[in-house]
1. List pairs: first in region 105-133 and surrounded by 11 or more Cβ atoms within 10 Å (Cβ to Cβ), second hydroxyl-bearing (S, T, Y), Cβ under 6 Å, 6+ apart or cross-chain?
2. Would you mind finding the one in I60, I56 that is β-branched (V, I, T) and either farther than 30 Å from N108 by Cα or out of contact with any helix residue (DSSP H, G or I) (no Cβ under 6 Å at 6 or more places or on another chain) (or both)?
3. Residue under question is Q27, and the condition is that it be surrounded by 11 or more Cβ atoms within 10 Å (Cβ to Cβ), closer than 29 Å to A6 by Cβ and within 15 Å of the chain's Cα centre (by Cα); does it hold?
4. Identify the single condition in (1) closer than 21 Å to D105 by Cβ; (2) assigned to a helix (DSSP H, G or I); (3) not acidic (D, E) that L34 does not satisfy, given that it satisfies every other one.
5. Name the pairs: first residue in region 33-62 and of a type in the set (F, W, Y), second residue in a strand (DSSP E or B) and surrounded by 13 or more Cβ atoms within 10 Å (Cβ to Cβ), Cβ to Cβ under 9 Å, at least 6 apart or on different chains?
6. Kindly provide the set of residues from region 63-72 that are surrounded by 11 or more Cβ atoms within 10 Å (Cβ to Cβ) and either in contact (Cβ under 8 Å) with a residue 60 or more places away in the chain or of a type outside the set (D, E, K, R) (or both), ordered by number.
Amino acid sequence: MRLRAAYFAMHRHSNRHFLQFETTADQYVLLSYLAEEDGITQQELSSRCSSDARTIGTMIELLERNGLVERQPHPSDRRAWQVFLTDTGRARHAQLRKNSEEIRDALNDTLDPEEQAIVQKALDRIAEAFTKP
């Protein structure tokens, strides 16, 4: 219950923050993964974003209509699509990243570095426990 409450509090706060850019927290996460590694497949994005393929597909369609991403057929898998940031998408991500510093600062101010490491390790272990086949 605490994990859920913390997640939703942070998610609501982030969505309110990104509203001025007509972007959601989930869209920011997707753009961030593409900024780290452009050209990954929709399936890989679903995995990294911890979301289902349908939700990611809908989000990509919206981002594509807004000119932030583009899809291209995968060169070796005819069933897969690769997703790329456009120049506009890359600029938007940079703007969102810079503008979201206050969110990251608030998180960093909440816990000292040792506590942050403990929480991160615990969250990784929880995620791993529930993603094993």
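Read-outs: derived from the displayed coordinates by stated rules, not from any lab. Worth saying up front: this structure is predicted, and the values here are computed from it rather than measured. We place every Cβ from the backbone using ideal geometry, glycine too, and count neighbours over all the protein chains shown.
1. From region 105-133, no pairs qualify.
2. Being β-branched (V, I, T) and either farther than 30 Å from N108 by Cα or out of contact with any helix residue (DSSP H, G or I) (no Cβ under 6 Å at 6 or more places or on another chain) (or both) holds for just one of I60, I56, which is I60.
3. Taking the combined requirement at face value, the residue satisfies it.
4. (1)
5. Y33/I40
6. Those that are surrounded by 11 or more Cβ atoms within 10 Å (Cβ to Cβ) and either in contact (Cβ under 8 Å) with a residue 60 or more places away in the chain or of a type outside the set (D, E, K, R) (or both): L63, N66, G67, L68, V69.
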